[in-house]
Amino acid sequence: MIYDVAIIGAGVSGAATAWWLSHYELSTVLVEKAADVCFGVSKANSGIVHGGFHHPVSTLKARLEIRGNLMFERLQHELGFPFRRCGILVAAFSEEELATAHRLYEQGVANGVTGLEMCGRERMLALEPKLSGEVAGGLHAPNGGTVEPYRYVFSLVEAATRNGVELRCGTEVVHGERAGDFWRLTAADGRTMEARYVVNAAGLYADEVSRRFGAEEFAIHPRKGEEYLLDRASSGRPEHVIFPVPSKHSKGVLVIPTAEGTTMIGPTADPVEDKEDLETTSAHLKRILGLARGMVNGISQRDVITSFAGLRPVLDTEDFYIAPSAKVPAFIQVAGIQSPGLTASPAIGEYVKDLLKGEGLRLVEKARIEYDLASRHLARRESLETLEELHRENPAWTRIVCRCERISEAEIVEAVRHGHTTVDGVKFYTRAGMGRCQGGFCSARILKIISRESGIPLEELTKKGGGSRILAGKLGDLEVKGV
Ligand SMILES: Cc1cc2nc3c(=O)[nH]c(=O)nc-3n(C[C@H](O)[C@H](O)[C@H](O)COP(=O)(O)OP(=O)(O)OC[C@H]3O[C@@H](n4cnc5c(N)ncnc54)[C@H](O)[C@@H]3O)c2cc1C
């Protein structure tokens, strides 16, 4: 079979493109080298739906950010992922910073963003009582928000696959060549597939994929961002996303009320050489804590429950590079998708779909599209009455496996049945293991459930595929009661 389109990379850019293409009578394959979707840059970010004022509208990233931002309510309604339009405050602490905040305001207005407001000290404190009393004023952008990035990507992929897109995880594309009118893609295991069009949405590796297809030569430079997650009990959780005024390469260290009730502080922005360097350091934690505490009251080191890092895929131009290749036919580059890539993603997918059309792909809308993802039950959200009803149908709904996040066995089973068979896949799908104890109490039970439901022997289960096995050596008596 020859696919109409092969999308390389199941991060948010590839997932959004797949979702858009699933609306048309096409055969599309989404190819991902990792064991699950959203295991690249898209899993490790701040989860902010940006407000469209940080970059001038002359850049592609600003135009797609603004359009993407506007699409989130509709997407949430159709796909049911956690999203809150909580608003953004850019806090200024001096006259000079106020002038920068004012420049952002003017840029936002010039970009066509509505609702922006320059605020004095009193108004800032009224909007956000947790702000430091030292604040001099700032910018209020009510259109900003937060989204749970993994649930968002999983929902896009689930909707796309329900509507005919084929997903192939664990498939690294190592070579591409023209074979007549189409592309022949070769995977690391030697398997091949053929497609009329290829979309290169390979994140940090988009430069390598481009080279493997004989397309443009460019370099992706990783820029690391460390983030620290605070317990949901932290008294430092603000209502809005709190930004400082930005520097040339970074929006600065933020305080983020995540869409699922925790608080995050970060990220840093440091260039690194290694595309796999995800280390976090205590020196950065100290610096981030200092900066976050300078803006918001109530942030304590005692509330830090975990840290992680992500690498922004940055091009020399600092802009997105989304265009048909000028060197090879039927090949669309989706590269340099650094921040605000998450915000822009629904518009990136739409833009790529239009580029494909411009390159000759015939788009015939499907008569019927299936969603119905929004009605998923979550034990932590249900009333007692609903939980009782669910329990009558399936007692696994009231067997709470992850106590910190209140995730039931039924939800973990559902994750496995949706194809998530690594510990990280289940964690990102359900939030099991994301709370205060970071899986300390529930990991063994989760492993048992994944093994039971997937048929994969316990000792072969991995954290995130590849060589990341969880259990090594003799298993002894790993017998978990009650599962
Ligand atoms: C610290 C940090 C904070 C951020 N905060 C925000 C924010 O708050 N808001 C916002 O809008 N944006 C934010 N971003 C940016 C956003 O996360 C990225 O723009 C976005 O996730 C990029 O998605 P992607 O799909 O292009 O890349 P990825 O998510 O990396 O997806 C690419 C995929 O391609 C796969 N792949 C690579 N090579 C191959 C191959 N040869 N064959 C098959 N598959 C392959 C990879 O495994 C990967 O899964 C942040 C980024 C970082 C690092």
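The values are calculated or read from the model by the stated rules, or taken from the named source; none is laboratory data. Everything numeric in this text was worked out from a predicted model, so none of it was measured. Neighbour counts run over all protein chains shown; Cβ positions are idealised from the backbone, glycine included.
Structure data summary
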item	result
Filter result for Tyr197 (more than 9 Å from the ligand (Cβ to nearest atom), modelled with pLDDT of 95 or more and in the same structural domain as Ala35 (by TED's automatic domain parsing))	yes
Residues that are at positive phi and more than 10 Å from the ligand (Cβ to nearest atom), drawn from region 160-176	Gly164
Matching residues, region 239-261, being of a type in the set (Val, Ile, Thr) and touching a residue at least 40 places away in the same chain (Cβ under 8 Å)	Val241, Ile242, Val245, Val255, Ile256, Thr258
Criterion violated by Val109 - all others in (1) touching a strand residue (DSSP E or B) at 6+ places or on another chain (Cβ under 9 Å); (2) surrounded by fewer than 16 Cβ atoms within 10 Å (Cβ to Cβ) satisfied	(1)
From the options Ile348, Ile369, residue that is in the same structural domain as Gly51 (by TED's automatic domain parsing) and touching a strand residue (DSSP E or B) at 6+ places or on another chain (Cβ under 7 Å)	Ile348
Within region 55-73, considering residues that are surrounded by 22 or more Cβ atoms within 10 Å (Cβ to Cβ) and aliphatic (A, V, I, L, M), the one nearest to the ligand (Cβ to nearest atom)	Leu64
Top-ranked residue in region 23-54 [being more than 11 Å from the ligand (Cβ to nearest atom) and out of contact with any Asp or Glu (no Cβ under 7 Å at 6 or more places or on another chain); ranked as farthest from Ser307 (Cα to Cα)]	Glu25
Enumeration of residues in region 33-54 that are among the basic types (Lys, Arg) and buried (at least 22 other Cβ atoms within 10 Å of the Cβ)	Lys33
Given (1) more than 10 Å from the ligand (Cβ to nearest atom); (2) farther than 21 Å from Arg162 by Cβ; (3) of a type in the set (A, V, I, L, M), number of the condition Val5 does not satisfy	(2)
Residues being more than 21 Å from Thr262 (Cβ to Cβ) and part of a helix (DSSP H, G or I) - total across region 396-447	12
Members of region 188-210 that are over 26 Å from the mean Cα position of the chain (by Cα), over 21 Å from Ala16 (Cα atoms) and not in a loop (DSSP other than H, G, I, E, B)	Thr192, Met193, Glu194
Leu185 vs. criteria in the same structural domain as Glu260 (by TED's automatic domain parsing) and either part of a strand (DSSP E or B) or among the hydroxyl-bearing types (Ser, Thr, Tyr) (or both)	no
For Ile256: the one exception among (1) surrounded by fewer than 16 Cβ atoms within 10 Å (Cβ to Cβ); (2) within 11 Å of the ligand (Cβ to nearest atom); (3) not basic (Lys, Arg)	(1)
Filter result (free of Cβ contacts under 8 Å to residues at least 40 places away in the same chain and either within 12 Å of the ligand (Cβ to nearest atom) or touching a strand residue (DSSP E or B) at 6+ places or on another chain (Cβ under 8 Å) (or both)) within region 177-188	Glu177, Ala179, Asp181, Arg184, Thr186
Thr430, sole failed condition from (1) touching a helix residue (DSSP H, G or I) at 6+ places or on another chain (Cβ under 9 Å); (2) under 23 Å from Pro82 (Cβ atoms); (3) at pLDDT below 95; (4) not aromatic (Phe, Trp, Tyr)	(3)
Scan of region 433-442 for residues that are out of contact with any helix residue (DSSP H, G or I) (no Cβ under 7 Å at 6 or more places or on another chain) and buried (at least 16 other Cβ atoms within 10 Å of the Cβ), ordered by number	Gly435, Arg436, Gly439, Cys442
Residue satisfying condition, being of a type in the set (Gly, Ala, Ser), within 16 Å of the ligand (Cβ to nearest atom) and closer than 24 Å to Gly47 by Cβ, within set Gly115, Gly144	Gly144
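Residues are listed down the side, and each one gets a yes or a no for (1) touching a helix residue (DSSP H, G or I) at 6+ places or on another chain (Cβ under 7 Å); (2) under 23 Å from Ile88 (Cα atoms); (3) not assigned by TED's automatic domain parsing to the domain that holds Val41:
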site: Thr262; (1), (2), (3): no, yes, yes
site: Thr268; (1), (2), (3): yes, yes, yes
site: Pro271; (1), (2), (3): no, no, yes
site: Gly290; (1), (2), (3): no, yes, yes
site: Lys357; (1), (2), (3): no, no, no
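Results for (1) under 25 Å from Asp274 (Cα atoms); (2) in a helix (DSSP H, G or I), shown as yes or no for each residue.
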site: Gly14; (1), (2): yes, yes
site: Thr17; (1), (2): no, yes
site: Leu26; (1), (2): no, no
site: Val37; (1), (2): yes, no
site: Ser42; (1), (2): yes, yes
site: Ser46; (1), (2): yes, no
site: Phe53; (1), (2): no, no
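For every residue, the table says whether it meets (1) within 11 Å of the ligand (Cβ to nearest atom); (2) crowded, with 22+ Cβ neighbours inside 10 Å; (3) not charged (D, E, K, R).
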| residue | (1), (2), (3) |
| --- | --- |
| Phe218 | no, no, yes |
| Ser234 | no, no, yes |
| Pro238 | no, yes, yes |
| Phe243 | yes, yes, yes |
